[in-house]
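Trainee: This is the structure, below, for whatever I ask next.
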Amino acid sequence: MFDRIEFGIEFFERLTAIDAAIVERAAAEKCRDCGGPLHRGDYARKPRGGLVAPWSESLVRRFSLCCGRDGCRHRATPPSVRFLGRRVYVGAVVILASVVALAVASGRAAARATGVPARTMRRWHRWWQGPFTTSAPFVELSARMVPSFARGALPASILNRLGGDPIARIATLLVWLAPLTTASAPDSTRFLRGLA
């Protein structure tokens, strides 16, 4: 079901609009260190999309904020639905390639289908099985969706419980994972309310 998806430019335009709304909400607050005003301080990214998201390579800016007060200049990077932390591949590709890797018989077949090296997908699989299961978004998702997910089949077991078409499910999961994309904005879930 998820192995025949290719993300189009409209999908990434929608994610960019969500990220723009998030950064706008974050910019309305003050610097958490000194109380100064926050200004845009976007920075360059060189994301990869593999074979399933060729349009993702147009996402060259990570929205971010920086304190405008001299002497502080503290960076406050709000959560993002386009990027999954510091990973080189965009978040949608991380999710989709992980699902495809679970569904096919070999890493080589998954790599041919997605354009993501098998070694990278194995690393993502370890993340889904380990650190992700101790994260706040996973705990919150597990509490909201009882009975809990099959941990051995993450992220597919989460996507199967969400509603909508496969693309909408991935977009919803990206909103849920957004708090994991930043460490410089504590309690970043407040910027995401009403977006899922």
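The values are calculated or read from the model by the stated rules, or taken from the named source; none is laboratory data. Since this is a predicted model, take the numbers as computed values, not measurements. Quick reminder, even Gly has a Cβ in these numbers, built from the backbone with ideal geometry, and neighbours come from all protein chains shown.
Trainee: Quick one: in segment 95-128, of everything that is over 24 Å from VAL139 (Cα atoms) and polar (S, T, N, Q), which residue is surrounded by the fewest Cβ atoms within 10 Å (Cβ to Cβ)?
Mentor: SER106
Trainee: Need a quick list: helices (runs of 4 or more DSSP H) entirely within segment 118-189 having at least 1 residues that are modelled with pLDDT under 90.
Mentor: So the answer is 136-144.
Trainee: If you don't mind, there's one more thing I want to ask. May I ask you to list the residues in segment 129-174 that are under 18 Å from LEU96 (Cβ atoms) and crowded, with 19+ Cβ neighbours inside 10 Å?
Mentor: Those that are under 18 Å from LEU96 (Cβ atoms) and crowded, with 19+ Cβ neighbours inside 10 Å: PHE149, LEU154, PRO155, ALA156, ILE158, LEU159, ARG169, ILE170, ALA171, LEU173, LEU174.
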